[in-house]
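Structure record follows, encoded as structure tokens.
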Amino acid sequence: MNKILIVCFLLSGTAAFAANEKNVKSTVQHVTVFTQGAQVFRSSAVTVQPGTTRLIFGGISPSVLASTIQAGGKGNFIVLDVKHNIRYPEPPKESEEALPAEILKETKRLEDSLITLGFDRDDLSEKEKALLLEKNMIQKNKLALGEGKSDSLAVLKQAMEFFRLKLNDINAQLGRIRRDGQRLQVRTAAVNARLNDLKTYRSNIPEKKYEPVHEVWVTVNSMEAVTGLVEVSYMVSDAGWTPSYDLRSGNTSAPVQLTYKANVYQRTGEDWEEVDLKLSTGNPNQSGTKPELPVWVLNYYFPQRTYSGADATMPAAAMESKADKDLQKQFNELGAAQTAAHYTQVIETMTRVEFDVKIPCSIPSDGTSYTVPVKTADLPASYTHYLIPKLDREAFLVARVTGWEALSLLPGSATVFFDGTYVGQTMLNPMVLDDTLDLSLGRDKGIAITRNRLPSTERNKLLGNEITKTFTYELKMKNSKSGKVNLVIQDQIPVTQNKEIKIELKEKGAAMYNQTTGMLRWDMTLNSRENKTFGFSYEVTYDKGRQLGMY
């Protein structure tokens, strides 16, 4: 008896709980987008009756991570339970209402036409049968067969005239019936062809897919009827953002303006319309468990031995030397080896930073990247013109940017503009140790340089086969710009690894010289409209019987 009462109580409780289910229409209010994944926040104002109520939030993303679902809210109620549910809707029965009205109307008309044409064919068939029967009766008449006994020739002539006229009339009617039948066949074929086209159109209509519906069930309890706000949040995959940058400079006396942009994408199955967007440099997929450093045991290498032939049947103990046995004993005393999982970890050197986007954003669920501006900063920059006259006569403007490492940037591509003109692409990588970023801003035709080789001199040693050649280069440069510029000029002399060849720098002026690489560098300032000439020379001593490969 007690068991029966318990079952009845459970059944009545289940029915009462089902009666308190309530579908809630919610909207996405806020989204935090990580570099991989996103956290979605939904909310809705609800009114619940006294007792326990299950609030059903529909339209949840199919890529929801069920273990991350949370619920809360504001109001005089208690959140009892939160769970993820997948509902599989049954597709409705097929209905003709899905087809356009014109298609339905024409299909009905053609079907009626086929019925009418069928009746017409039946009428013609019956008429044809009647005429054929009449014709057959005439042809089988004894007078027509010449078997009749006629008293006079006049009667026979009248009978033959009657048969001829009657058969001609029957044949004419049969001809008309056959022509009408042929026309009916043509019309019937045309109607059937059109009906087949309409059926093909119907079969080509894509079948509507009824995907599983993801829901969040929030069970709340209230002592009285209350109105409150219920909030639901959950993590989704198939979303993220990547950084990109614009670097702009107006002139050589202005700072470089950095525009931080986020390329946000999502394929979560739910559109984010006019949501408050927050961008985070964190990675929620990163493990937060502190790794344990295992004991590192150092010992001699113990190679694994393989045997073949007759030795393959020998016991392993018989083949081991005493040293091998001792070493094996040491191995047996060691603990179990760690697996590779103990040494695998994700390394994150960047601190977590979040950027609140001040304006509402809309990101459809189409996988397309949408650009969202993050921030803009002016970075200190020094501008230098680099000239390499051995390779090019024109100067290259380079901006040396500092201060960018303090902006919590992520590695990404940067588009460079100078004086409103696109220059090219570069990479920003905050992982590098250098705190200065060199940006090539293109050629500057206002500064030019020429490199001329002066006649070389030779001198032979009185003793031996060595000859010494002196090479001299003259560099001439001009600043045609309206302002003073900072210049770096790079050139070189050859280096050798052959001890029989000797190279000596004779004249370098104010250049810095790297003896290992042979590089020469001049750092100088050139005023507006100023010309400057300088140069360098070096000597090469080598065997005069051999040719140098320096040209």
request  = Within the range 233-246, count every residue that is crowded, with 17+ Cβ neighbours inside 10 Å and out of contact with any Ser or Thr (no Cβ under 7 Å at 6 or more places or on another chain).
outcome  = 2
inquiry  = Name the single residue that is surrounded by the most Cβ atoms within 10 Å (Cβ to Cβ) among those in the range 518-551 being within 50 Å of the chain's Cα centre (by Cα) and within 22 Å of THR468 (Cα to Cα).
reply    = LEU520
remark   = Within the range 206-221, restricting to residues that are surrounded by 11 or more Cβ atoms within 10 Å (Cβ to Cβ) and either of a type in the set (Phe, Trp, Tyr) or at pLDDT below 85 (or both), the one that is farthest from SER43 (Cα to Cα) is TYR210
Meets criteria (crowded, with 18+ Cβ neighbours inside 10 Å and either modelled with pLDDT under 90 or outside any helix (DSSP H, G or I) (or both)) for LEU11 = no
ask   = With respect to LYS508, is the statement that it is of a type in the set (D, E, K, R) and closer than 23 Å to ILE388 by Cβ true?
value = yes
key: Those strands (runs of 3 or more DSSP E) lying entirely in the range 209-293 with at least 2 residues touching a Cys at 6+ places or on another chain (Cβ under 8 Å)   = 272-280
task = Check LYS129, LYS135, LYS108 and return the single one that is loosely packed, with under 12 Cβ neighbours inside 10 Å, modelled with pLDDT under 85, basic (Lys, Arg) and part of a helix (DSSP H, G or I).
result = LYS108
remark   = The correct count of residues that are free of Cβ contacts under 8 Å to residues at least 24 places away in the same chain, within 23 Å of PHE355 (Cα to Cα) and in contact with a Gly (Cβ under 8 Å, 6 or more places away or on another chain) in the range 393-447 is 1
message = Just checking, does the range 465-473 include any residue being in the same structural domain as LEU548 (by TED's automatic domain parsing) and closer than 30 Å to GLN425 by Cβ?
response = no
message = Given the criteria modelled with pLDDT of 80 or more, loosely packed, with under 11 Cβ neighbours inside 10 Å and not assigned by TED's automatic domain parsing to the domain that holds LEU441, does GLU292 qualify?
response = yes
key: Top-ranked residue of the range 457-477 - restricted to ones that are farther than 25 Å from ASP392 by Cα and surrounded by 13 or more Cβ atoms within 10 Å (Cβ to Cβ), ranked as modelled with the lowest pLDDT   = GLU466
query = Of the residues that make up the range 359-368, is at least one buried (at least 17 other Cβ atoms within 10 Å of the Cβ), hydroxyl-bearing (Ser, Thr, Tyr) and touching a residue at least 12 places away in the same chain (Cβ under 8 Å)?
reply = yes
request  = Could you please tell me which pairs satisfy a Cβ distance under 7 Å, a separation of 6+ or placement on different chains, a first residue in the range 92-107 that is within 12 Å of LEU195 (Cα to Cα), and a second residue that is modelled with pLDDT under 80 and surrounded by 10 or more Cβ atoms within 10 Å (Cβ to Cβ)?
outcome  = ILE103/LEU198; ILE103/TYR201; GLU106/LEU198; THR107/LEU198
note = Restricting the range 478-517 to residues that are more than 20 Å from PHE396 (Cα to Cα) and among the charged types (D, E, K, R), the one surrounded by the most Cβ atoms within 10 Å (Cβ to Cβ) turns out to be LYS508
Residue among GLY509, GLY442 that alone is at positive phi and at pLDDT below 90 = GLY442
key: All positions within the range 39-53 that are assigned to a strand (DSSP E or B) and either surrounded by fewer than 15 Cβ atoms within 10 Å (Cβ to Cβ) or in contact with a helix residue (DSSP H, G or I) (Cβ under 7 Å, 6 or more places away or on another chain) (or both)   = ALA45, THR47, THR52
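The values are calculated or read from the model by the stated rules, or taken from the named source; none is laboratory data. Please read these numbers as outputs of a predicted model, since none were measured by experiment. A quick note on method: Cβ atoms are made from the backbone with ideal geometry, for glycine too, and the neighbour counts reach across all protein chains shown.
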